[in-house]
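Inspection log for the structure reproduced underneath, given as C-alpha cells.
The values are calculated or read from the model by the stated rules, or taken from the named source; none is laboratory data. Model, not experiment: these values are computed from the prediction. We place every Cβ from the backbone using ideal geometry, glycine too, and count neighbours over all the protein chains shown.
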Amino acid sequence: MSETESAAPRRRSPLIFLAPLLVFAALSLVFAAGLFSGNASKVPSALIGKPAPAITLAALEGLRKDGRPVPAFAMADLAKGRATIVNVFASWCAPCRIEHPFLVALSESAPVTQGRVAVVGLNYKDEAENARRFLGALGNPYSAVGVDRSGRAAIEWGVYGVPETFLIAGDGRILEKHVGPLDAQSASRLLARAVAGK
C-alpha cells in the first residue's frame, strides 16, 4: 500500500450522522407517549393513603367571612371525622382564577353547608393583602385558610405548583391529589368521593 493511499481519509457512512437524530426522535416519541397517556391531573404521590403531614400555619391576617375572622387550619382540624378538601392557591396564580368559581360552587353544595365536608385553603407564597383582595373579588370558598409564606408546608405535602387540591379522609389520611385547576367534573368527583369517605 502506498503512502498516498494510507494518508487519504476514510469516507464515513452518512448513517453515522443520522444516528444522534434517530436516537433523539425515539426518545421524543417515548416522552410524548408518557405525557399524553393517562390523566395528568392525578399525579402519583408517595403520601396517598398516609396521614397528611403535620403542619402549623398562621391564619390569613385580616381575612373575614360572615363578619368573623377566618381561622388557620392544622393537622388536628383535618382528622375530625369528616372529609376535607385542601386547595393550594395563590393570588398570582392564573389557573387559580380559572378554578375558583368551581371551588365557590363546591363550598355552596349541601355536603359542605351541612358540615359533612370541609373546604380549606393553603395560601402559597403570597402577600396577605393580595390574597385578601383575591378572595374578596372572587369569593371565599374556604372555612379556614393557612398561610405558607415560605413554601415549607407545600414541600412537606409534595406540592409541585399551584393550584393543587388534596382530598383528606375523616381520619386524616390523604385519599387523592389533583394537580392543576379543578373544573366542574373534577370538583364533582372530589366531592362525591369526600362524601363517600373512601
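Can you pull out the residues in region 140-149 that are surrounded by fewer than 21 Cβ atoms within 10 Å (Cβ to Cβ) and within 11 Å of ALA90 (Cα to Cα)?
Selection gives ARG149 alone.
Residues ALA105, ALA137: which one is surrounded by fewer than 20 Cβ atoms within 10 Å (Cβ to Cβ), without any contact (Cβ under 8 Å) to a residue 60 or more places away in the chain and either among the hydrophobic types (A, V, I, L, M, F, W, C) or not in a loop (DSSP other than H, G, I, E, B) (or both)?
When all the criteria are applied, what remains is ALA137.
Pick from region 35-93 the residues that are assigned to a strand (DSSP E or B), of a type outside the set (Val, Ile, Thr) and surrounded by fewer than 17 Cβ atoms within 10 Å (Cβ to Cβ): which of them is modelled with the lowest pLDDT?
In this case the residue turns out to be ALA74.
Specify the residue that is surrounded by the most Cβ atoms within 10 Å (Cβ to Cβ); the eligible residues are those in region 114-133 that are closer than 18 Å to PRO71 by Cβ and over 18 Å from the mean Cα position of the chain (by Cα).
VAL117
Being over 17 Å from THR56 (Cα atoms), among the acidic types (Asp, Glu), touching a residue at least 24 places away in the same chain (Cβ under 8 Å) and surrounded by fewer than 22 Cβ atoms within 10 Å (Cβ to Cβ) is the requirement here; does GLU164 meet it?
No: the conditions fail for GLU164.
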